[in-house]
Amino acid sequence: MNKLKYYYRRISLREKILLSGFLWVIVFIWFVFSIDGIKEVKNEWAKWSGLLRGQEALLKTGPLVDAQLQESLQRFNPERTFDSESLVGRIDGLARQTGVNHDISTPRTQQGDKFEFHTMRVTIRKTPIDKWLAFADKLREESPYINLESVRISADKRNPELLDGQFVLKSFELKNITD
């Protein structure tokens, strides 16, 4: 430290002013970069604070969501939900009961935590409209356990009184929910 004082006293006034100016420029540049860094930290802090507030809000609604799920599950009869095989059997039974000429595709299953969702296609060929409507009514009676997602109907080219088409059906199966 004494050597610095010695060298500082030895230099001229002009050199002292230039050295002081140089140090002030370095301090100013450091200050500008520090402000940018502080802004970045502040922005990151605000971003993460917002994310944490959102997660806290979700965690606070957790018991409400669980209560609503339990309430909804009370309204559903687990015995009326269908696995893929029983869904095919039920749709086949409804189709035979109404007398439609049908083909049933193998259901596609989508796995979930509490539910499995099954999607299947029922193709109906050369069937009069009254049987179509009877089949559609039977499907509506199965709601909300079996839902009609889409229907495509066209007239048979040889006999316009008979209809061809396809139903896309969705169903869900409740898994074991006691845990």
Could you figure out which of (1) under 12 Å from SER84 (Cα atoms); (2) assigned to a strand (DSSP E or B); (3) open to solvent by 50 Å² or more (accessible area, probe 1.4 Å) isn't true of THR106? (2)
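Hey, does the range 164-178 have a residue that's open to solvent by 50 Å² or more (accessible area, probe 1.4 Å), without any contact (Cβ under 8 Å) to a residue 60 or more places away in the chain, of a type outside the set (D, E, K, R) and farther than 25 Å from GLU79 by Cα?
no
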Check THR119, THR127 and return the single one that is touching a Leu at 6+ places or on another chain (Cβ under 9 Å) and under 30 Å from ASP66 (Cα atoms). THR119
Given the conditions (1) under 18 Å from VAL168 (Cβ atoms); (2) in contact (Cβ under 8 Å) with a residue 12 or more places away in the chain; (3) small (Gly, Ala, Ser), which single one is not true for SER143? (2)
Matching option when the condition is acidic (Asp, Glu), modelled with pLDDT of 90 or more and under 23 Å from the mean Cα position of the chain (by Cα), among GLU56, GLU44: GLU56
Sort through ILE153, ILE91, ILE124 and tell me the only one that's of a type in the set (A, V, I, L, M) and either open to solvent by 90 Å² or more (accessible area, probe 1.4 Å) or in a loop (DSSP other than H, G, I, E, B) (or both). ILE153
Has the range 65-88 got at least one residue that is out of contact with any Lys or Arg (no Cβ under 8 Å at 6 or more places or on another chain), more than 14 Å from VAL168 (Cα to Cα) and modelled with pLDDT of 90 or more? no
Please name all residue pairs, on different chains or six or more residues apart, with Cβ atoms under 9 Å, provided the first residue is in the range 95-111 and is basic (Lys, Arg) and the second residue is open to solvent by less than 40 Å² (accessible area, probe 1.4 Å) and assigned to a strand (DSSP E or B). ARG96/HIS102; ARG108/HIS118; ARG108/THR119; ARG108/MET120
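The values are calculated or read from the model by the stated rules, or taken from the named source; none is laboratory data. Being a predicted model, the structure only gives us computed values, none of them experimental. All Cβ positions, even for glycine, are placed from backbone atoms using ideal geometry, and neighbour counts span all protein chains on display. What goes into the accessible areas is simple: the full protein's heavy atoms, side chains included, and nothing from ligands, DNA or RNA. Shrake-Rupley method; radii C 1.70, N 1.55, O 1.52, S 1.80 Å.
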